[in-house]
Structures are given as structure tokens and as C-alpha cells.
Amino acid sequence: MSLGRQYRHILSEDYDILFLHSLQDFYAQLAVNNPLLLISELSLKDGYFLDNLDALKNDKTLKLPFPIVINTVIDDLNTMRACFEKGISEYFVKPVKTNELLFKLEKLLLFTSDLKNSLTEKQFELLSLFMNSANAEVSKEKILHTLWGANKVHPKVVDVHLYNLRRKVSNQGLIIRSIGPGLWKLVKQNTSEENFY
């Protein structure tokens, strides 16, 4: 079964699926759709996906975080590491087993929809900042600049938002850990891993 038919077979009953073959096609769809999940090849018609990922994450028209999944024939450990360092949620090497694909995609979609329904807009923006930062690490300065820009806010406002976000993401198996003065990292609970994904 081809990959497109495999995705249609697995997901089309519960989700609207749109197949795009370039980043240009994806950006064209943003005016109409905001995805729950993005599945991409590494090599696209208009370039290498990872080279465009930072621009994608910085695009203010997207309502991140949504999981990004790579599905490719590239079975290279360094490429996989580079993907996870850039915040890729899952990496599949073709050929993919249907049940494995379904299980992992359902888990990612459930996680995303649960979070979207439970977070305030600022909490969602803050979580997006963690998920789209290198190694899921964020500084107080970056939070202030990204979420409030030039607006003056009380110094404790970041602490309050982090406290509230910590409570909500803990229900999803995540921890926001302090890793230094004014620096935090998003990690999975009950794991020795230092990376979120």
C-alpha cells in the first residue's frame, strides 16, 4: 500500500487529510486550514524540510504547537538526532508498519487536542515557545520578548504563567524544569531523557 493510501486508510475516517508536496503548497493552505498534525518527507520539491523548519516555527499565522512527523527513507542516526533537536515529534523510516503508525499518530493527535482545549491563549503561546525552541529550553527574556514584546509587564507575570502551565502540562506527562536562573526546559515526566521529544 502506498504511503498516501496508508494515511487515508488509517486517518480519513476521523480526520480531514490534505496531501501537499511542497512547503509552498503548505503555506498556501494556511489561509484555509490550521493543521492538528504535519507529516512531511525530508526532501520536498522546493527544498529540504529541516532547512525551512525555523521559518515555519516563526510563522505567526500558525497556531503551534502541532506535532511534526517526518516519514522518510533516510535511516541515518545523525539526521534523526538533528530532527529531534529541531523539535520533530516523531520520525518514521519507510516502510512503516501500519499499526505502529496508527498508534503513534493517535497518541500525538490526542495530546495536541487535549492541550488545545485546556490551555489559555497565553499558556498555549508559552507552550509553543518551549516546543519550538532548541532543546525545548526557554529563557525569561525570550518569554517576555515573544509573548509581550515591548509591553511592560510585572516581573512575576512569567512565574505565574509558568506555574499555571506546569500544572496543566503535568496531566500530559510533561514537566517544566528550572535549569538555571531564568531558564526552563520542557521534559517528559519519569524519564532520564533531557529532551522533550
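Only the coordinates and a few stated rules stand behind these numbers; no lab work does. Source: prediction; values computed, not measured. Every residue, glycine among them, receives a Cβ derived from its backbone with ideal geometry; neighbour counts consider all protein chains shown.
With axes computed from alpha carbons, what is the tilt in degrees of helix 49-58 against the longest principal axis of the chain, rounded to the nearest 10 within 0 to 90? For 49-58 against the chain, the angle is about 40 degrees. Taking the C-alpha atoms only, the angle from helix 98-118 to the longest principal axis of the chain is near 30 degrees. Mean silhouette area of region 121-188, derived from the convex hull of its C-alpha atoms and averaged over all directions, reads 4.3 nm².
Each Lys and Arg contributes +1 and each Asp and Glu -1, all at the Cβ; summed about the Cα centre of region 99-147, the dipole is approximately 60 debye. From least to most packed, judged by other beta carbons within 10 angstrom and beginning with the fewest, Met80, Met131 follow the order Met80, Met131. Peptides 157-167, 81-91 ranked from most to least packed by the mean count of surrounding Cβ atoms within 10 Å: 81-91, 157-167.
Here the chain is assigned +1 on the Cβ of each Lys and Arg and -1 on the Cβ of each Asp and Glu. Its dipole about the Cα centre then comes out at about 660 debye.
To the nearest 10 degrees, how steep is helix 157-170 against the longest Cα principal axis of the chain, on a 0 to 90 scale? Approximately 40 degrees, to the nearest ten. Evaluating kT/(6 pi eta Rh) at 25 °C and 0.890 mPa s, with the Kirkwood radius of the chain over Cα pairs in the Stokes-Einstein relation, gives 137 µm² s⁻¹. By the beta-carbon count within 10 Å of each Cβ, the least crowded to most crowded order of Phe130, Phe26, fewest first, is Phe26, Phe130.
Lysine pair count for region 20-131 with Cα-Cα distance under 16 Å and sequence separation of 8 or more or different chains is 7.
To the nearest 0.05, what FRET efficiency results for Lys116 and Val73 with a Förster distance of 35 Å applied to their C-beta separation? Given R0 = 35 Å and the Cβ-Cβ separation, E is 0.65. Hey, in the GNM for the chain with a 10 angstrom Cα cutoff, which one of Pro181, Pro95, Pro35 fluctuates hardest? So, out of Pro181, Pro95, Pro35, the one fluctuating most is Pro181.
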